[in-house]
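Participant: Supplied in structure tokens, the structure appears directly below.
Laboratory data are not the source of any read-out in this text; all were calculated from the coordinates shown. Predicted model only: the values in this text are computed from it and were never measured. Cβ: placed from backbone, ideal geometry, glycine included. Neighbour counts: every protein chain shown.
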């Protein structure tokens, strides 16, 4: 089996230990760590700027923002990789992917393309009506593949 692990940046080492315990990802053929750069906020910011100032933010500023988003995504994925290796997943089975778009759609598409189970985490690890963020809720409710919810303890 293959796994896609959705990594947003708020997961701690305990989450990744639980992923290994619950989903047995160390036995997987391959594990893809996926981080999605949500393009919605950037689009909203730019639309507001154009309404207020009647101009685009400029190429240099856009390049800086893109670089900052990619640096954060890579840092989040490297942290996830280290945590999974420490929890027992062989490094050679892991790969990282940075996607851009709506997180719920991009993660669903990636899991479908790879024919993988998708692993998502609870927001704060506590059960309740607000225990999942909107992306995790969408994937648990609508993913046409196996969705595994793992809560950090």
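Participant: Would you calculate the volume per residue, in Å³, of the smallest convex hull containing every Cα atom of the chain?
Facilitator: Looking at the chain, the number lands at 118 Å³ per residue.
Participant: Roughly what angle does helix 103-114 make with the longest principal axis of the chain, taking Cα atoms, 0 to 90 degrees, to the nearest 10?
Facilitator: The answer is roughly 50 degrees.
Participant: If a/c stays under 1.5 just call it rounded; otherwise compare a/b with b/c (prolate if a/b is bigger, oblate if not). Do that for the range 1-75, with a ≥ b ≥ c from the square roots of the Cα gyration tensor eigenvalues.
Facilitator: Because a/c hits 1.5 or more and a/b exceeds b/c, the range 1-75 counts as prolate.
Participant: Could you give the angle, 0 to 90 degrees to the nearest 10, between helix 59-86's Cα long axis and the longest principal axis of the Cα atoms of the chain?
Facilitator: 10
Participant: Also, I was wondering about something else. To the nearest 10 degrees, how steep is helix 39-53 against the longest Cα principal axis of the chain, on a 0 to 90 scale?
Facilitator: Approximately 10 degrees, to the nearest 10.
Participant: How long is the range 82-143 along each principal axis, judged by its Cα atoms, biggest number first, in Å?
Facilitator: 37, 27, 19
Participant: Cα convex hull of the range 71-116: how many Å³ per residue?
Facilitator: 86
Participant: At what distance in nm do the modelled label points of residue 134 and residue 82 sit from each other, each positioned 7 Å from its Cα along Cα→Cβ?
Facilitator: Modelled inter-label distance: 3.2 nm.
Participant: Now for a different question. Which FRET efficiency value, to the nearest 0.05, do you get for residue 75 and residue 105 by plugging their Cβ-Cβ distance into 1/(1 + (r/R0)^6) with R0 = 30 Å? The partial results should precede the final answer.
Facilitator: Details: r = 24 Å, r/R0 = 0.79.
Plugging the Cβ-Cβ distance into 1/(1 + (r/R0)^6) gives 0.80.
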